[in-house]
Amino acid sequence: MYPYCPPHITKPKECKKLFIVHLTEREYFAVPRNLKLLAVPLFELYDNVQRYGPVISTIPQQLSRFQFNMVSS
């Protein structure tokens, strides 16, 4: 799996999605039984290629390029 879509690929066969979500105590994720949901802190992902692989372990570095603003309604 590449962290980008190569130019010669028109329809990728796989797609990994990353969601950053803050849930209150009353909210929950509904996950189908055939899927597995993991909540992993970013500090555990950082430079942990052996456990999470080369793409997932670079998420903290990729996120550091952005500035996040929390907006509450």
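The values are calculated or read from the model by the stated rules, or taken from the named source; none is laboratory data. Just so we're clear, the structure is a prediction, and the values are computed from it rather than from any experiment. Every residue, glycine among them, receives a Cβ derived from its backbone with ideal geometry; neighbour counts consider all protein chains shown. Just the protein is used for accessible areas: all its heavy atoms, side chains included, with ligands, DNA and RNA removed. Shrake-Rupley method; radii C 1.70, N 1.55, O 1.52, S 1.80 Å.
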Accessible surface ranking that places the most exposed of 65, 33 first, with a 1.4 angstrom probe: 33, 65
When Lys and Arg each count +1 and Asp and Glu each count -1, what net charge do the other residues less than 15 Å away from residue 60, Cβ to Cβ, add up to? 0
